[in-house]
Amino acid sequence: MKKIVFLCTGNSCRSQMAEGFARDLLKGQDFIIDSAGVQADGLNPLAIKVMSEVGVDIQHQKSKTIKSLDLNQFELIVTVCDNAKENCPLVNDRKTMHKNFDDPALSKGSIEEQLVVYRKIRDQIQVMVKEVVKI
């Protein structure tokens, strides 16, 4: 059984996308997949939109903090930004992985220009998650 948690700063975009991809890739299997942030900023509507474009529905996922989870239940902890890596509590005997992705929530410009950034980050996260679920 896969037991993976994805962590980022606000649990609004990057870790939510990673959780959505992992759930989608592992559907039909036993798994515990979750995500959390150093803080909980709420689910980002542009993240929901770009994920729906690739057939992954994350609109019912919840934004939560690292402190709200028992990290000991996971066999793999994946940090998807440097801030989460620096602020993630140490968990003994757990495998960790780190990959820093730019925060799409910091993108500027029109909605279309921001969506270009969200899609780029989404596609990068999808590649990483495909590798993670093989571990």
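Each reported figure results from applying straightforward, stated rules to the coordinates on display, with no laboratory input. Model, not experiment: these values are computed from the prediction. Backbone-built Cβ (ideal geometry, glycine too); neighbour counts: all protein chains shown.
Taking the Cα centre of segment 1-48 as origin and assigning +1 to Lys and Arg Cβ atoms and -1 to Asp and Glu Cβ atoms, the resulting dipole is close to 120 debye.
Kindly state, to the nearest 0.05, the FRET efficiency for residue 1 paired with residue 100, given R0 = 30 Å and r defined as their beta-carbon distance.
Details: r = 28 Å, r/R0 = 0.93.
Step by step, r from the Cβ atoms, then E = 0.60.
Which of the aspartates and glutamates could be linked to residue 2 by a straight reach, that is with a Cα gap under 14 Å, when you skip same-chain ones fewer than 8 residues away? Candidates past the 8-residue exclusion: 19, 24, 30, 34, 75, 131. Only one residue of 42, 16, 32 has its Cα farthest out toward the positive end of the dipole of segment 1-42, where Lys and Arg carry +1 and Asp and Glu -1 on Cβ, and that residue is 32. Rg/Rh, computed from the Cα trace of segment 1-41 with Rh as the Kirkwood radius, has the value 1.01. Each part gets one Cα centre, and for segment 92-135 versus segment 31-47 those centres are 12 Å apart.
Determine one quarter of the surface area of the Cα convex hull of segment 7-135, which equals its mean projected area, and express it in nm² to one decimal. It is 7.3 nm².
So, with +1 on the Cβ of K and R and -1 on the Cβ of D and E, and no other charges, what is the size of the charge dipole of the chain about its Cα centre, to the nearest 20 debye? Don't jump to the answer; show the numbers that get you there.
Numbers: 19 positive and 18 negative charges, 39 e Å.
The dipole magnitude comes to about 180 debye.
Close amide H contacts of residue 35 (hydrogens built in the peptide plane, cut-off under 5 Å, sequence separation of 5 or more or a different chain): 6. From helices alone, the chain scores -11500 deg cm²/dmol at 222 nm; the rule is -39500 (n - 2.57) for each run of n ≥ 4 DSSP H residues, then divide by the residue total.
When you count the other C-beta atoms within 10 angstrom of each residue and take the mean per peptide, 12-22, 69-79 line up highest first as 12-22, 69-79.
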